[in-house]
């Protein structure tokens with residue numbers, strides 16, 4: 001089923017691409033515009049991923065390892081931007097600073113909404129890393145800076161590159177921010193093709209190119225992740241002594257405050273202004289409640305199904321290193337780079353033919369979320385399982401348990417916090433999803449995202465603001481849980 | 001020793017599996033729309049037409065289910081769904097999406113008595129769809145920067161160096177693209193290309209949508225903006241006329257800048273409730289519905305006898321627009337190619 005989830009959109013894309021004949025595929029591919037779009041999307045993805053690496057690693061180190069004032073509050077505030085949908089952030093930014101349109105705006109918005117993808121796993125890695133290795137380096141005479149570069153960075157490298165990959169794939173698939181910032185990226189080409197020509201063939205061909213780009217990035221990340229994963233020794237789980245920042249305290253604090261202000265302050269300020277300025281206010285509390293319930297149920301089911309599908313893939317990826325494991329993991333990442341409308345239409349096509357009883361019902365929407373967000377959960381499961389000591393599995397096997405029973409009874413409970421973190425991440429991402437939700441939700445069911453969309457499309461900003469506000473809150477809850485899950489046993493004690 | 005308690009764990013796992021599948025089973029139980037239910041795929045937004053479609057149920061006694069989305073996405077969805085679609089009626093924001101479905105044979109031909117309720121200009125030549133309301137392309141201007149006598153009288157006036165960097169437009173907006181198609185129809189390919197090249201040379205400012213263009217004019221960032229008339233009326237309704245600085249200018253004549261475009265409806269071919277769908281189209285053309293458009297969405301009713309009680313709309317009969325077959329606006333692909341060529345896409 002996980003394989004079906006990964007392959008459904010691919011099969012659809014290939015089918016639609018060749019509908020117009022091989023020549024058509026060649027024509028679309030060799031247009032100068034296609035190459036330009038691909039170049040722009042890759043440049044944006046690279047730049048945003050690099051910026052997120054810097055922000056995420058610095059931020060994680062500051063809140064986990066330094067004596068930054070208010071670092072507990074900072075740890076929470078720096079995760080919360082995950083709850084801001086890119087279209088909300090983009091909308092409020094362009095309204096405040098129209099001159100940002102283009103690459104700078106798209107880069108800024110996407111960096112600010114996605115750096116937590118790097119910060120979260122890096123913070124978790126820093127918390128679980130054995131501080132003894134750093135201490136050894138220090139006693140051998142290495143200064144703090146060199147220790148960070150030589151030891152700490154190596155410990156967090158797998159977490160950081162995995163986070164950066166998610167950021168890059170997300171940037172490839174994003175439509176909200178790039179369209180609001182009028183940066184002509186690949187997804188803009190795909191949408192224009194649907195909206196202007198009602199022709200699904202060029203859109204599908206462009207979708208195939210996105211899949212290839214996603215595969216290349218995923219493969220590159222596997223190479224970059226390297227074999228450095230894992231601990232040198234078990235070590236004692238304990239909290240390392242905070243590194244004094246000294247004179248860097250004030251600039252560090254100012255940096256954190258600036259990032260939080262830009263990522264959270266601007267959207268919240270704009271929402272408040274909408275609420276106060278417009279006359280389209282007076283939202284029906286019953287509508288708001290039913291939209292909230294809609295978001296919670298479809299996102300909850302989406303998160304459950306995604307994690308259920310991710311567990312076998314993640315266990316395979318963590319415990320086995322064969323071509324099959326590699327292939328399944330690679331394929332599961334393809335969906336993440338595709339825009340929601342492409343995945344949505346693929347499931348429209350297959351859904352109504354294969355499972356008409358489920359078409360435009362919640363389960364199929366949950367399945368769409370699984371296709372889109374499987375990598376988020378696979379990454380979480382893989383890391384969690386990799387951190388569970390295999391020796392305990394060996395013990396269970398030696399006591400006569402079979403392979404499946406061992407994984408069910410030993411591996412999964414050990415990796416539960418990490419898996420729950422993955423579920424929280426998928427939940428909040430589902431809550432923000434729009435295009436696939438519009439295509440696949442049951443007729444008459446509204447979510448916060450669809451209500452927000454339908455109100456902003458007709459410029460009823462004051463009416464849209466409550467939906468945006470509740471969406472922020474609903475997405476913020478799992479974001480906070482996520483932070484809790486990833487604190488790990490050492491700091492919870 | 002590490003505590004492994006198989007029985008407890010197994011129970012927890014079974015509970016988790018049940019918890020995962022139970023809601024799925026419940027969700028599957030909800031019924032599909034039967035022949036008694038009219039399913040409308042609406043590319044028009046709930047905030048605009050939701051109230052009207054509620055009244056449709058009351059007025060006709062039909063059990064109405066509405067699915068909202070973007071017009072292009074819904075057209076793509078109906079095409080992907082093929083014969084299995086549940087959609088009975090497609091209510092579209094623009095003629096292009098209806099035209100695309102009509103071309104693929106996905107819309108049934110409407111009877112003459114329904115088609116005749118709209119002026120000939122505002123219905124498909126092959127009878128596959130009919131307009132339900134209309135919108136005019138207008139020039140929004142900042143009275144602080146532009147005196148009335150300086151206002152453009154034709155599209156060619158926009159090429160004056162006076163407006164360099166001072167005109168806003170929404171390159172991805174369907175109405176803008178349709179108006180460029182209008183240029184091609186009215187002035188021929190060479191004429192349209194010449195105008196677009198001149199326009200691009202005047203460095204117009206690009207915006208995400210018509211509303212952003214209007215906001216920029218309103219705040220004085222640009223002098224002129226190419227938009228649809230109702231954005232201004234809705235903004236006035238939203239924040240009050242005293243708080244809106246921008247004003248509207250109707251170019252008039254048979255100038256391409258004065259194009260009037262439509263929203264409309266078509267009955268999906270092979271649907272399971274054709275009578276109900278037809279009744280719904282008739283309702284959308286009824287006086288009650290036409291008044292709703294005039295009052296609530298600030299669009300022009302296609303029924304010229306209906307006027308708006310709420311918005312200060314000049315009557316549609318007084319709005320001069322080029323005489324153009326709206327079906328000819330479907331050649332969007334060529335328009336996009338041309339826009340790309342001159343650097344305006």
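Under 22 Å from residue B:284 (Cα atoms) and loosely packed, with under 14 Cβ neighbours inside 10 Å: is that true of residue B:112 in this structure? Walk me through how you get there before you give the answer.
Values: under 22 Å from residue B:284 (Cα atoms): yes; loosely packed, with under 14 Cβ neighbours inside 10 Å: yes.
Spelling it out, residue B:112 is indeed under 22 Å from residue B:284 (Cα atoms) and loosely packed, with under 14 Cβ neighbours inside 10 Å.
Among residues belonging to the range B:52-68 that are within 11 Å of another protein chain (Cβ to nearest Cβ) and free of Cβ contacts under 8 Å to residues at least 60 places away in the same chain, point out the one that is surrounded by the most Cβ atoms within 10 Å (Cβ to Cβ). Reasoning before the result, please.
Narrowing the range B:52-68 to residues within 11 Å of another protein chain (Cβ to nearest Cβ): B:64-68.
Keeping just the survivors that are free of Cβ contacts under 8 Å to residues at least 60 places away in the same chain gives B:65-68.
Numbers: B:65: 18, B:66: 21, B:67: 21, B:68: 28.
Only one residue tops the list, namely B:68.
Please note which helices (runs of 4 or more DSSP H) are completely contained in the range B:90-201 and include at least 3 residues that are outside the structural domain of residue B:71 (by TED's automatic domain parsing) and over 29 Å from residue B:68 (Cβ atoms).
On the way: elements: B:95-103, B:112-115, B:174-201.
Ranges flagged: B:174-201.
Within the range A:358-370, restricting attention to residues that are part of a helix (DSSP H, G or I) and over 13 Å from the mean Cα position of the chain (by Cα), which residue is surrounded by the most Cβ atoms within 10 Å (Cβ to Cβ)? Talk me through it step by step, then tell me what you get.
Of the residues in the range A:358-370, the ones part of a helix (DSSP H, G or I) are A:362-370.
Those left that are additionally over 13 Å from the mean Cα position of the chain (by Cα): A:362-368.
On the way: A:362: 23, A:363: 24, A:364: 25, A:365: 30, A:366: 25, A:367: 28, A:368: 32.
Filtering the range A:358-370 for residues that are part of a helix (DSSP H, G or I) and over 13 Å from the mean Cα position of the chain (by Cα), the one surrounded by the most Cβ atoms within 10 Å (Cβ to Cβ) comes out as A:368.
Could you say which residue among B:48, B:56 is in contact with a helix residue (DSSP H, G or I) (Cβ under 6 Å, 6 or more places away or on another chain), more than 26 Å from residue B:181 (Cα to Cα) and either modelled with pLDDT of 90 or more or in a loop (DSSP other than H, G, I, E, B) (or both)?
Details: B:48 fails: either modelled with pLDDT of 90 or more or in a loop (DSSP other than H, G, I, E, B) (or both).
Checking each option against the conditions leaves just B:56.
Take the residues in the range A:184-205 that are outside any helix (DSSP H, G or I) and modelled with pLDDT under 80; name whichever of them is farthest from the other protein chains (Cβ to nearest Cβ). Explain how you work it out, then say what you get.
Just the residues of the range A:184-205 that are outside any helix (DSSP H, G or I), to begin with: A:184-185, A:198-199.
The next check asks that each one be modelled with pLDDT under 80; those that pass are A:198-199.
Values: A:198: 4, A:199: 7 Å.
Of everything passing the filter in the range A:184-205, A:199 is farthest from the other protein chains (Cβ to nearest Cβ).
When only residues in the range A:377-428 that are outside any helix (DSSP H, G or I) and in contact (Cβ under 8 Å) with a residue 24 or more places away in the chain count, which is nearest to residue A:318 (Cα to Cα)?
Of everything passing the filter in the range A:377-428, A:388 is nearest to residue A:318 (Cα to Cα).
Listed residues A:316, A:305, A:289, A:330; which is in contact with a helix residue (DSSP H, G or I) (Cβ under 6 Å, 6 or more places away or on another chain) and at pLDDT 85 or above?
Details: A:316 fails: at pLDDT 85 or above; A:289 fails: in contact with a helix residue (DSSP H, G or I) (Cβ under 6 Å, 6 or more places away or on another chain); A:330 fails: at pLDDT 85 or above.
Among A:316, A:305, A:289, A:330, only A:305 is in contact with a helix residue (DSSP H, G or I) (Cβ under 6 Å, 6 or more places away or on another chain) and at pLDDT 85 or above.
If the requirement is being within 11 Å of chain B (Cβ to nearest Cβ) and part of a loop (DSSP other than H, G, I, E, B), which of these qualifies: A:437, A:450, A:443, A:456? Write out each step before concluding.
Values: A:437 fails: part of a loop (DSSP other than H, G, I, E, B); A:450 fails: part of a loop (DSSP other than H, G, I, E, B); A:456 fails: part of a loop (DSSP other than H, G, I, E, B).
Exactly one residue qualifies, and that residue is A:443.
Taking the stated definitions as given, is residue A:113 within 14 Å of chain B (Cβ to nearest Cβ), modelled with pLDDT of 85 or more, in contact with a helix residue (DSSP H, G or I) (Cβ under 8 Å, 6 or more places away or on another chain) and surrounded by 24 or more Cβ atoms within 10 Å (Cβ to Cβ)?
On the way: within 14 Å of chain B (Cβ to nearest Cβ): no; modelled with pLDDT of 85 or more: yes; in contact with a helix residue (DSSP H, G or I) (Cβ under 8 Å, 6 or more places away or on another chain): yes; surrounded by 24 or more Cβ atoms within 10 Å (Cβ to Cβ): yes.
Here the answer is no, as residue A:113 does not meet what is asked.
Out of B:186, B:257, which single residue is within 25 Å of residue B:337 (Cβ to Cβ), surrounded by fewer than 21 Cβ atoms within 10 Å (Cβ to Cβ), within 23 Å of the chain's Cα centre (by Cα) and at pLDDT below 95?
Values: B:257 fails: surrounded by fewer than 21 Cβ atoms within 10 Å (Cβ to Cβ).
After applying the criteria, what remains is B:186.
Restricting attention to the range B:69-125, report how many residues are within 11 Å of another protein chain (Cβ to nearest Cβ), free of Cβ contacts under 8 Å to residues at least 24 places away in the same chain and more than 24 Å from residue A:359 (Cβ to Cβ).
0
The values are calculated or read from the model by the stated rules, or taken from the named source; none is laboratory data. The structure displayed is predicted, hence computed values, not measured ones. Counting neighbours? That spans all protein chains shown, and the Cβs are built from the backbone with ideal geometry, glycine included.
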